[in-house]
Ligand code: AMP
Ligand code: MN
Ligand code: MN
């Protein structure tokens, strides 16, 4: 692969090989994004709360390019307790991160990554509301656009695919740092190239990224093959009480479960992937109590049920097969409402 063969728009020529997967974002929108970015010396970047590889990776990749263009860049996410999940500690560029209280209150230009709704911007929603211009870069089908400029492609497997385009269009080149950030997004949101969103364009992008010399084996180990010992104990508890009700398999992990082993909330991300293995279930749910006592509900479908619709009805969102929402009620009340919406919508 030669990542730096460009066409007129700055994209590598190889992106043109899959026109059927062409990006629906109009050229005029990309042009406006480039003009906005070109016209600002300071740019504030944000991604969704409790960032995953796609949110943080896309944001940091673009931050690298903006910095190389001589822009002053701040990047953050709006969690009340600001900490990069241990899983993502290997991502380069974290020196560009600031806690939300050091984020400009009313940025002239703010770019928001991987946020399906305004609420997902968390504490930085207030900054976005006061910003003069907000560019929304996202791939959630439910995103109706909340920026002054929306770069949304519901067919993209990851926001990282849009971030890659933005990198090229800004005249940036893939180096190993940028590629590592983008790869983290691509590999996270495609479940290691297993989900149905894994199109030829996804593999093509992966080839461009891997060609920079990044270590896919090390990235995979960082993302999925490491945990503190306490994870095994917390997982054992969660599996001990896993329940199968018709086509629904579900369990929960409380704060108390985690506290016994000093396990941070962000370590729980992979549990849903174990629970959803149950062949008998069409839908899998894991309720994870965060450090504030709110329940973060992870849901997965094997295809026939649209969990994004169920979660949207409960105040969240996501994708057809992977969605979530926040519940402020007990486990029992949360599950009662979830079952009701699931019955109503499937
Ligand atoms: P997760 O189960 O945390 O991996 O989330 C799966 C998908 O659901 C993500 O891609 C998010 O887009 C979406 N999601 C998760 N939590 C929320 C939430 N509280 N509000 C809206 N969407 C969410
Ligand atoms: Mn995400
Ligand atoms: Mn994403």
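Couple of notes before you dig in:
- Residue with peak Gaussian network fluctuation, the chain [Cα springs, cutoff 10 Å], from 267, 333, 164: 333
- When you restrict to C-alpha pairs under 8 Å that are six or more residues apart and normalise by the size of the chain, the relative contact order lands at 13 percent.
- Cα shape, the stretch 156-299, gyration tensor, a/c 1.5 rule: prolate
- Structure-based [θ]222 nm, the chain - -39500 (n - 2.57) summed over DSSP H runs of at least 4, per residue, nearest 500: -10500 deg cm²/dmol
- Neighbour counts of other Cβ atoms within 10 Å put 37, 43, 81 in the fewest-to-most order 81, 37, 43.
- Among beta bridges from DSSP that stay inside the chain, the antiparallel ones total about 45%.
- Cα-projected label distance for residue 154 with residue 203, points at 7 Å along beta-carbon direction, nm: 2.7 nm
- Rounded D (µm²/s) - the chain, Kirkwood Rh over Cα pairs, Stokes-Einstein at 10 °C, 1.306 mPa s: 77 µm²/s
- Fully extending the segment from residue 90 to residue 193, taken as 0.36 nm per residue of separation minus the present Cα-Cα distance, adds 35.0 nm.
- Taken along the Cα-to-beta-carbon direction at a fixed 7 Å, the label points for residue 280 and residue 69 span 5.5 nm.
- Its relative contact order, with pairs defined as Cα atoms under 8 Å and 6+ residues apart, puts the stretch 207-346 at 16 percent.
- Rounded to 5, the percent of DSSP beta bridges in the stretch 229-345 classed as antiparallel: 75 percent
- A simple spin-label model places pseudo-atoms 7 Å from Cα toward Cβ; at residue 328 and residue 340 they are separated by 1.7 nm.
- Rg over Rh [alpha-carbon atoms, Kirkwood Rh] for the stretch 250-337: 0.96
- Debye log10 I(q)/I(0) at q = 0.26 Å⁻¹ for the stretch 41-120, Cα point scatterers: -1.44
- Residue 80/residue 243 FRET efficiency (R0 51 Å; Cβ-Cβ; nearest 0.05): 0.95
- For the stretch 82-215, the spherically averaged projection of the C-alpha convex hull amounts to 8.5 nm².
Read the figures in this text as sums done on the coordinates, not as results from a lab. Remember, it's a predicted structure, so these values are computed and weren't measured experimentally. When we count neighbours, we look across all protein chains shown, and the Cβ atoms used for this are built from the backbone with ideal geometry, even at glycine.
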